[in-house]
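*Asks:* Mind having a look at this structure? Questions to follow.
The values are calculated or read from the model by the stated rules, or taken from the named source; none is laboratory data. No experiment lies behind these values; they were computed from the predicted model shown. Positions of Cβ are generated from backbone atoms using ideal geometry, with glycine treated the same way; all protein chains shown enter the neighbour counts.
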């Protein structure tokens with residue numbers, strides 16, 4: 001069975017705040033561990049009121065400390081915002097505290113707007129330096145050499161699986177060239193997915209870290225007792241995308257009974273294209289959708305996300321998704 005994992009953004013819903021978001025985050029991770037999800041990844045975003053995962057490594061430590069077996073990691077750390085040494089120290093620390101359970105996914109985008117990106121790393125615009133930064137970061141995880149002037153403490157000699165994340169062909173080629181596992185952001189930018197995966201698999205070069213290609217594909221999954229209810233729950237995600245594109249990102253909104261009254265036709269078209277990799281419905285429909293996605297794209301793992309307003313409904317969606325996937329593979 002292709003493993004399922006979870007991508008979370010610690011969503012902050014209307015009427016709540018970050019404290020509640022963090023409580024919900026840990027509760028979902030603990031349930032996910034019991035349900036059999038392989039990983040629980042958090043993504044770095046900044047200056048977005050509805051996303052509380054800015055201090056990603058801090059939250060990874062919180063989740064890892066509140067669970068015992070599930071892998072916990074970053075999907076991802078936006079490397080242009082940080083120095084490679086700092087990231088190596090943070091994840092060397094996490095992997096020392098929770099050995100065999102920490103993943104580090106790296107992204108090339110800043111995860112925010114231009115002004116915030118400048119505030120994060122004020123003196124260096126490093127997006128174009130991403131390949132060199134990845135190389136430097138990987139070096140810090142190698143055992144320290146005699147006379148090495150700068151080392152990650154902790155970090156040197158610590159086992160931390162490193163992934164490259166992307167939504168374009170650039171990261172696919174870089175992952176292949178460096179012999180690293182690759183995760184594609186098909187849950188919000190699916191256009192280049194098939195070509196990126198094909199390039200990655202075709203150009204992959206084995207490395208000391210990975211002997212053969214390994215691809216994670218992300219998709220939105222909303223499961224409930226009925227298709228109608230799942231479509232209603234999904235309107236929360238649709239509204240968030242429209243609000244972002246209108247330049248008004250805010251807290252996560254409650255679902256709508258009539259999404260057609262909310263958006264303009266061009267907005268609907270754009271959101272449907274961005275969220276094309278979505279499976280929703282009752283358990284049978286979700287099982288069928290996941291199976292069709294897996295058979296078409298052949299990922300080694302699927303990373304599922306669900307931006308659902310009400311926490312109990314979100315828990316139930318992830319539970320039903322795992323149950324449906326397990327049944328489909330019997």
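*Asks:* For residue 254, only one of the following conditions fails: (1) at pLDDT 95 or above; (2) surrounded by fewer than 17 Cβ atoms within 10 Å (Cβ to Cβ); (3) assigned to a helix (DSSP H, G or I). What is its number?
*Replies:* (3)
*Asks:* If I filter the stretch 26-36 for residues that are assigned to a strand (DSSP E or B), in contact (Cβ under 8 Å) with a residue 12 or more places away in the chain and either under 15 Å from residue 304 (Cα atoms) or under 13 Å from the mean Cα position of the chain (by Cα) (or both), do I get at least one hit? Break it down into steps so the answer makes sense when it comes.
*Replies:* Filtering the stretch 26-36 down to residues assigned to a strand (DSSP E or B) leaves none.
Looking for residues that are assigned to a strand (DSSP E or B), in contact (Cβ under 8 Å) with a residue 12 or more places away in the chain and either under 15 Å from residue 304 (Cα atoms) or under 13 Å from the mean Cα position of the chain (by Cα) (or both), one finds none in the stretch 26-36, hence no.
*Asks:* Mind listing whichever residues of the stretch 168-189 are touching a residue at least 60 places away in the same chain (Cβ under 8 Å), crowded, with 22+ Cβ neighbours inside 10 Å and not in a loop (DSSP other than H, G, I, E, B)?
*Replies:* 171, 183
*Asks:* Taking only the stretch 190-226 into account, find how many residues are assigned to a helix (DSSP H, G or I) and over 16 Å from the mean Cα position of the chain (by Cα). Can you show your working first?
*Replies:* Narrowing the stretch 190-226 to residues assigned to a helix (DSSP H, G or I): 193-203.
Next, from what is left, pick out any that are over 16 Å from the mean Cα position of the chain (by Cα): 194-203.
Number satisfying all stated conditions: 10.
*Asks:* Identify the residue in the stretch 152-167 that is crowded, with 16+ Cβ neighbours inside 10 Å and out of contact with any helix residue (DSSP H, G or I) (no Cβ under 7 Å at 6 or more places or on another chain) and, among all such residues, is farthest from residue 100 (Cα to Cα).
*Replies:* Let us first name the residues in the stretch 152-167 that are crowded, with 16+ Cβ neighbours inside 10 Å, namely 152, 154-156, 158, 160-167.
Add one more test, that the residue is out of contact with any helix residue (DSSP H, G or I) (no Cβ under 7 Å at 6 or more places or on another chain), and what stays is 161, 163, 167.
Working: 161: 9, 163: 15, 167: 27 Å.
This residue is 167.
*Asks:* Of these, 324, 313, 284, 292, which one is touching a strand residue (DSSP E or B) at 6+ places or on another chain (Cβ under 7 Å) and assigned to a helix (DSSP H, G or I)?
*Replies:* Values: 313 fails: touching a strand residue (DSSP E or B) at 6+ places or on another chain (Cβ under 7 Å); 284 fails: touching a strand residue (DSSP E or B) at 6+ places or on another chain (Cβ under 7 Å); 292 fails: touching a strand residue (DSSP E or B) at 6+ places or on another chain (Cβ under 7 Å).
So the residue among 324, 313, 284, 292 that is touching a strand residue (DSSP E or B) at 6+ places or on another chain (Cβ under 7 Å) and assigned to a helix (DSSP H, G or I) is 324.
*Asks:* Would you mind finding the one in 280, 233, 217, 210 that is touching a helix residue (DSSP H, G or I) at 6+ places or on another chain (Cβ under 8 Å), touching a residue at least 12 places away in the same chain (Cβ under 8 Å), buried (at least 18 other Cβ atoms within 10 Å of the Cβ) and under 30 Å from residue 173 (Cα atoms)?
*Replies:* Working: 280 fails: under 30 Å from residue 173 (Cα atoms); 233 fails: under 30 Å from residue 173 (Cα atoms); 210 fails: touching a helix residue (DSSP H, G or I) at 6+ places or on another chain (Cβ under 8 Å).
After ruling out the rest, the residue left standing is 217.
*Asks:* Now for a different question. Could you pull out the residue among 53, 57, 68 that is in contact with a strand residue (DSSP E or B) (Cβ under 9 Å, 6 or more places away or on another chain), part of a loop (DSSP other than H, G, I, E, B) and either at pLDDT 95 or above or surrounded by fewer than 21 Cβ atoms within 10 Å (Cβ to Cβ) (or both)?
*Replies:* On the way: 57 fails: part of a loop (DSSP other than H, G, I, E, B); 68 fails: in contact with a strand residue (DSSP E or B) (Cβ under 9 Å, 6 or more places away or on another chain).
When all the criteria are applied, what remains is 53.
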